[in-house]
Amino acid sequence: MLVCPTGALSFKTEFDMRAAWTWDEPARTETTTVCAYCGVGCSVTLHVQDNEIVKVTSPHDNPVAHGNLCIKGRFGFQHVQNRV
Ligand code: SF4
């Protein structure tokens, strides 16, 4: 769910990758897990491309977050080690 009704606010990672023509929808995988930042327990879906998290969303049918995440859950994924 985009909160911005015009779609003007987007992920910097997605914006930068689209500008560089490296955003590859079919190559991305999605894994849903639980945000570990606080005890609320929002579900987060990690969008991964080339072994790096490129975007975080939340399932719309999640009873806790209803598709919305706070700024930490949505944009605080840079602390995750992406190397496998
Ligand atoms: S998204 Fe925000 S409110 Fe939800 S668990 Fe993470 S830190 Fe807590």
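Computed from the coordinates by the stated procedures, all read-outs in this text should not be read as laboratory data. Note that this is a predicted model, so its numbers are computed, not measured. All Cβ positions, glycine included, derive from the backbone under ideal geometry; neighbour counts span all protein chains shown.
Quick notes on this structure:
- Search result, residues across region 44-68 that are more than 21 Å from CYS4 (Cα to Cα) and either part of a strand (DSSP E or B) or touching a helix residue (DSSP H, G or I) at 6+ places or on another chain (Cβ under 9 Å) (or both): VAL48, GLN49, ASP50, GLU52, ILE53
- Scan of region 30-50 for residues that are within 7 Å of the ligand (Cβ to nearest atom), aliphatic (A, V, I, L, M) and more than 16 Å from HIS60 (Cβ to Cβ), ordered by number: VAL40
- There is at least one residue in region 22-43 that is part of a helix (DSSP H, G or I) and touching a strand residue (DSSP E or B) at 6+ places or on another chain (Cβ under 8 Å).
- Taken over region 58-78, the residue count meeting the criterion of being within 12 Å of the ligand (Cβ to nearest atom) and either of a type in the set (Asp, Glu) or over 13 Å from THR13 (Cα atoms) (or both) is 12.
- Each residue in region 69-84 was checked for being assigned to a loop (DSSP other than H, G, I, E, B) and over 11 Å from the mean Cα position of the chain (by Cα), and 6 of them qualify.
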